[in-house]
Each structure stands twice: as C-alpha cells, then as structure tokens.
Amino acid sequence: MVAGRPLGLVLFFIALRPGSAAPPGEPGQEGQCVRCCDPARSPESRRGSPSPLYPTPHVYPHINITILKGDKGERGDRGSNGKVGKEGAMGLRGPSGAKGDRGYAGMPGGPNKQQYSAFSVGRKKGLHSSDYYQTLVFDTTFVNLHGHFNMFKGKFYCYVPGVYYFNLNIHTWNFKETYLHIMKNDQDMAICYAQPSDRSIMQSQSIMLELQHNDEVWVRLYKRERENAVYSDDVDTYVTFNGYLIKASLD
C-alpha cells in the first residue's frame, strides 16, 4: 500500500517526524520549535555565521547625578582684573545738588601792593615865549601824589613804570599864536595849537604814554615867527596839566 500512496505525502511525513536530524552544517536543536517563515532562519542566513536567532540587547548604565552631588565647596580666590572696556557715552547732566554750608573765613591778606601815581597842577599867570623852546612851569598844585611832579622844573618823573594818561588844557591869547607840545624826555609826543584870532578860546590835548623808570613828561612852548603865548590871570586858573597811572608794569 505504501507503494500505492503518492510520493509527496511520504516526504512531508518524514519532515515532521520527531527526533529528525538537523540540517547539515548546523548544530542540532532537538525538540525546538522553529518558524519556517523567520528570515533569520532562512536558508541564506543558515549558510552564514552562526549568529543567534534574536540579537542580544546592549545594556547602558544610567547614573542619577543629583543623588551623587556633594556639599558646596569653599569660595575660590578672586581673579585678576580684566582689561578696561571702551568708554561709554556721556550721560545726562544730573540735577543740581543742595547748597553747601558756608565756608570758614580765610587768613588775613598781606598789605596792598597796588601802586599809584597821579598829579594835577595849574598856572595862574600868563606867559609869553621869549625863546624858541621854553618849558611851561606851574605855580598851583591840586594833586601831587608822592611828589612825583617837580614844581620847580615843571616836569613829571616816572617812579612807577606803566601806562599813564596825560591831559593839557590852555587858554589862548587874543591875536597871538598858541603852540605847545607834550614832551616825553626830549621827544615831542602831541601838539596843542591855536591860530591867532580876535577871540580867545580854550584848547585841550590828551595822550596815553607807556613810561619806564625815570622817564620825564613835561610841556614845552615853541616860538616861530609869531609871538607864542598862553593866557591866565591871578583870579582864575586857565592852564592845567594832569596825569595819572592807569596800569603798572608787571616787572
């Protein structure tokens, strides 16, 4: 009867027999259930390296750092200063502060070192020039600080170097020429002049001069072809000459 059964049934029976031998080249796994459709056990994989049926998982340890944190350590030393940064923009002006307390009085100052020099003189007598050059002298003193103006010579002597202001006032004589110079040493610096006229008038001249020590300032009459004269009388003072220091030199 076996000969009468189909050949396929016989082969299937043999494959399902318990205790059948393992395929050649593979260790026997007697009694183990194998899935025929598992790709890892396909005939192609069985021909390769003897890897297990399922890959073995890798185990990675995980440590909880929070439970291993120690106590707070001591504070370290201060580090060196860093480089200076760029200058920032200028800020807005702040509000004004409160008024401070009044300060203490200072030490007493020394004596006043400011220097003065001034004079004002006049003449009450008329004068006719008899020489070509004649010094105009004065007979009345209004101010002569420290005696810097010499009344006998009619000259101011500089004892305080600096810048001075001078002024000359005269009264002309009818029908006579009036010709005078304000002199610095031997140099004429300014003129005071009036032509002959039937009317007498007041004439004035002013000048500023920078003087050094021992410089002289005075008034000179100058006679030409005509008679030169200045008018005055015993009652009133018609002729005056004034000068004073404006600013002393630093030296």
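Since every read-out is calculated from the coordinates, none of them should be taken as a lab result. All values reported here derive from a predicted model rather than from experimental measurement. Cβ coordinates were reconstructed from backbone atoms using ideal geometry, including for glycine residues, and neighbour counts include every protein chain displayed.
Brief remarks on what is shown
- Rounded, prolate or oblate (a/c below 1.5 giving rounded, otherwise prolate when a/b exceeds b/c) for segment 168-216 by Cα gyration tensor: prolate
- Fully extended contour minus Cα-Cα distance, from Q114 to E210, at 0.36 nm per residue: 32.8 nm
- Net length gained if the chain between V59 and A89 were fully extended (0.36 nm per residue, minus Cα distance): 4.7 nm
- Pairs of alpha carbons in segment 68-194 separated by more than 23 Å make up 64% of all such pairs.
- Tail weight of P(r) past 18 Å, computed on alpha-carbon pairs of segment 162-251, percent: 48 percent
- Segment 94-207: relative contact order as a whole-number percent, Cα under 8 Å and 6+ apart: 18 percent
- Net charge, R226 excluded, C-beta distance under 11 Å - Lys, Arg +1, Asp, Glu -1: 0
- Label-point separation in nm, L145 to S80, each point 7 Å along Cα→Cβ: 6.9 nm
- Tail weight of P(r) past 13 Å, computed on alpha-carbon pairs of segment 90-155, percent: 78 percent
- Evaluating 6.51 cos²θ - 1.76 cosθ + 1.60 at θ = phi - 60° for every residue in segment 214-231, the Karplus couplings come out as 6, 5, 10, 10, 7, 10, 10, 8, 10, 9, 10, 5, 8, 6, 10, 8, 10, 9 Hz, glycine and proline recorded as x.
- Virtual spin-label span in nm between M189 and Q203, 7 Å along Cα→Cβ: 1.9 nm
- Between Y132 and L250, the FRET efficiency from the beta-carbon distance, with R0 = 45 Å, is close to 0.65.
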